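The values are calculated or read from the model by the stated rules, or taken from the named source; none is laboratory data. Given the structure is predicted, the values throughout are model-derived calculations rather than measurements. Positions of Cβ are generated from backbone atoms using ideal geometry, with glycine treated the same way; all protein chains shown enter the neighbour counts. These accessible areas exclude ligands, DNA and RNA; they are computed on the full protein's heavy atoms, side chains included. Shrake-Rupley method; radii C 1.70, N 1.55, O 1.52, S 1.80 Å.
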Amino acid sequence: LSCPAGTAFSGGRATPFSMAVDRTARAWVLFSSGEIFWVSTVDGSCKPSGFAKRQNGFETFGMGFVSDAEGSENETLFLAGGPYDNQRVANLASVDPKVLMVNKIGSLQLSAQSSPELTGTGKGELYGYYPGSAPFVGQIDKSSAAAVRRWSLGSMGGTPSGWAFAHWGGRFYIFITAVVGAADRSMVFEFDPATGKATEVKTNASYKVVGAGVSTCAPVIIG
């Protein structure tokens, strides 16, 4: 990507931090500078979204679009995060895509590692992947940030240094780059909520994935 992002909160060049995709197939890419750019999923071109950074204490965060109701063509962007220098603070917020204002909802259940990545569905449901020593996937109440349901996951290859999360067809896909020994290893897991099992479907992937997005047009069940 060649988005004209400013300086990262930690100093130096900003890099992509998270991503969501809306119903027009446009990617919303958050950089480590707190800026969100609109990126074409056709050619990778980007332009500033006009999103004002640092709203309500949200500097960096996971993102996911969710339909406002099952089958609705209207959708809301949800954020999970807080200050860049303390990513163990996890708050939930909503953003109306038309006005780009951050509305804080409440505090999220937190794991030992960091704030979660989010994904939504066309059924109007919001889910998060929580990394850490005891990782889990959880369904989140959009109106209160309360936990609705939780699936504990086993070891996923080591201490994560990057992660992303997306839903498609009733399954969830977890992208993890973990520190294994002295090197990073990138993996992809498919999680089936019906069985509660996460299966490694890609070992030694070529990229460290920090953002994954899926439109709420995507199917919620296959077959």
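The figures follow:
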{"read-out": "Local electrostatic count at ALA69 - Lys and Arg +1, Asp and Glu -1, tallied over other residues with Cβ under 15 Å", "value": "-3"}
{"read-out": "Residues listed by number, region 75-100, amide nitrogen under 17 Å from ASP141 label point at 7 Å toward C-beta", "value": "91-94"}
{"read-out": "Relative contact order computed over the chain (Cα-Cα under 8 Å; 6+ residues apart), in percent", "value": "16"}
{"read-out": "Neighbourhood charge, 13 Å Cβ-Cβ cut-off, centred on LYS197 and excluding it, Lys, Arg +1 and Asp, Glu -1", "value": "-2"}
{"read-out": "Convex hull of region 108-223 built on C-alpha atoms - directionally averaged projected area, nm²", "value": "7.2"}
{"read-out": "Per-selection Kirkwood Rh - the chain (Cα, Å, 1 d.p.)", "value": "17.3"}
{"read-out": "Total lysine pairs whose alpha carbons fall under 18 Å of each other in the chain (8 or more apart, or interchain)", "value": "5"}
{"read-out": "Using a Förster distance of 30 Å, the FRET efficiency for SER40-LYS104 (Cβ separation, nearest 0.05)", "value": "0.50"}
{"read-out": "Accessible surface of region 10-159 [probe 1.4 Å, protein heavy atoms]: carbon and sulfur percent", "value": "46"}
{"read-out": "Total charge dipole magnitude, the chain, about the Cα centre, Cβ charges on Lys, Arg, Asp, Glu only, Debye to nearest 20", "value": "280"}
{"read-out": "Surrounding net charge for HIS167, when Lys and Arg each add one and Asp and Glu each subtract one, Cβ distance under 12 Å", "value": "-2"}
{"read-out": "Accessible area per residue, Å², the chain with all protein chains present, probe 1.4 Å", "value": "46"}
{"read-out": "Measure of compaction for region 78-150 (Cα Rg per 2.2 N^0.38 Å)", "value": "1.06"}
